[in-house]
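Shown next, in structure tokens, is the structure this report addresses.
Please treat every number below as a calculation from the coordinates, not as lab data. Since the model is a prediction, treat every value here as computed from it, not as a measurement. Note that each Cβ is placed from the backbone with ideal geometry, even for glycine, and that neighbours are counted across all protein chains shown.
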Amino acid sequence: MFLDVDQRRKLIETAGGAVGDLIAGMALTGARPGDLRRARRAHFEPRTLSITLSAKGHPRTVPLPKAALPLFERLAKDKLPQAWLFTRDDGKPWAHSDWDELVRAATDKTGLPKGVCLHTLRHSFITQALMDGMATLDVARITGTSLAMIEKRYGHLVMTAARERLDAVSLL
């Protein structure tokens, strides 16, 4: 399932609070929910606009878009290096799937299709990045997945974008 930019913004606004921040983090990074759940203040580097995330025991430092800076700076403000970057409204760390019911409630309020979950934001990030012309290798590295998985699940988008760029090339 793909959410367009307006739907993503509406979901973040409707959710609000800590779950809104988590949804925004997903929409801005394409990370897995667990990547953000495990992120510590020390993992965010505002000077280089990057964050180090870890999935399946493999850390990766990825660039953050400038649009993510206000969110990450606000979340990092006044936190010690080992503090969790994303926390629930009560300040406690997110546990696996703590967000499910909150995302479902925000989805219902916004009138989005049933089945929207945090992973929908990852899929939407990858889809949008590919549709907007990002290289598959860059998308794979940023999201911590393989080129093979990008090709398998999103190959049709890559082909469409490649065809559009090819049409702009003077061949004969």
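Over the chain, calculate the relative contact order: mean separation of alpha carbon pairs under 8 Å at least 6 apart, over the residue count, as a percent. RCO, the chain: 28 percent. Across the alpha-carbon set of region 5-167, the Rg to Rh ratio works out to 0.97, Rh being the Kirkwood radius. Could you tell me the distance between the Cα centroids of region 121-172 and region 56-84, to the nearest Å? With region 121-172 and region 56-84 each reduced to a Cα centre, they are spaced 25 Å.
Each Lys and Arg contributes +1 and each Asp and Glu -1, all at the Cβ; summed about the Cα centre of region 28-80, the dipole is approximately 140 debye.
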